[in-house]
Amino acid sequence: MRVAFISDIHANIVALKAVLKDIEEQQVDRIYCVGDLVGYAPFPNEVIDLIREKNIPTVMGNYDDGIGYQRFICGCDYKNAEAEALGHESIVWTKNHTSEENKEFLRSLPKEIRVTIEGRRLLLVHGSPNRLNEYVTEEISKDYASELITLADTDILICGHTHLPFSMVLKDKLLINVGSVGKPKHGGPQAIYALLSFQRKVTVDFRNISYDYEATASAIEASELPNEFAKIIRTGKF
């Protein structure tokens, strides 16, 4: 059994299509998304429409919550006042350019998905079992990671939100952050997703997918979104 996990698409339809093409070539059995379909790029409706068309089970991300419920903030952790101001512009633009039908779809997304694959229990969340917007990075201590796994009552905990992929083995348990399809923070423009193979052992392959990121960057610059978002698309630096 081969299962693909995607996250943090952030309205980047070009990256999403490239990732889905690679997933198809890998002949996976299932696809799941752990949230943040919208924000920062100018294709929120196109991304949501494609996720719905492909019937990909998706958990709610903090940005999905923010846009679906028309909140003033997205629950992001801004490093400074400039980043906060840019984030506010993204929220306002995305609310104004996401259809009411798609906002309703975002509101309908579950906060978690539980599934059993090849006898292993998986919990899919956006941030953590504690909070929608908790940042679970590779700097997490093994003690706290074990606490999250115990809290989740699962064998494999799948999350996103940080845009930085990693996996951590905790005895017979796994903690996996699947990275970002559409808004890279790993220092390069590639889209990233996680491909898990369920055999005697579970193996994790973080796939880096090249795509026409310039098309997304140029579309951002042609919109009323801040040009700073185009720089992130091109460089993978936040």
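The values are calculated or read from the model by the stated rules, or taken from the named source; none is laboratory data. Predicted model only: the values in this text are computed from it and were never measured. Cβ sites come from the backbone with ideal geometry, for glycine too, and all protein chains shown count toward neighbours.
A few notes on this one:
- Gly39 meets the stated requirement of being of a type in the set (Gly, Ala, Ser) and in contact (Cβ under 8 Å) with a residue 24 or more places away in the chain.
- Scanning region 181-222 for residues that are under 14 Å from Asn12 (Cβ atoms) and of a type in the set (A, V, I, L, M, F, W, C) yields Val181, Ala191, Ile192, Ile209, Ala215, Ala217, Ala219, Ile220.
- Residue in region 4-21 that is of a type in the set (A, V, I, L, M, F, W, C), touching a Cys at 6+ places or on another chain (Cβ under 7 Å) and within 17 Å of Tyr193 (Cβ to Cβ) present: yes
- Scanning region 131-160 for residues that are more than 15 Å from Val115 (Cβ to Cβ), assigned to a loop (DSSP other than H, G, I, E, B) and not acidic (Asp, Glu) turns up Arg131, Leu132, Asn133, Tyr135, Val136, Thr137, Ile140, Ser141, Gly160.
- Hey, Asp49 in contact (Cβ under 8 Å) with a residue 12 or more places away in the chain and over 21 Å from Leu124 (Cα atoms) or not: yes
- Tally of residues being aromatic (Phe, Trp, Tyr) and within 23 Å of Val38 (Cβ to Cβ) across region 159-186: 0
- Residue within region 62-82 that is modelled with pLDDT of 95 or more and among the aliphatic types (A, V, I, L, M) present: yes
- Selection count, region 146-166, where residues are buried (at least 19 other Cβ atoms within 10 Å of the Cβ) and not β-branched (Val, Ile, Thr): 9
- Region 42-91, subset under 15 Å from the mean Cα position of the chain (by Cα) and more than 15 Å from Asn102 (Cβ to Cβ), residue surrounded by the most Cβ atoms within 10 Å (Cβ to Cβ): Val59
- Some residue of region 198-217 being under 23 Å from Lys79 (Cα atoms), free of Cβ contacts under 8 Å to residues at least 60 places away in the same chain and not hydrophobic (A, V, I, L, M, F, W, C): no
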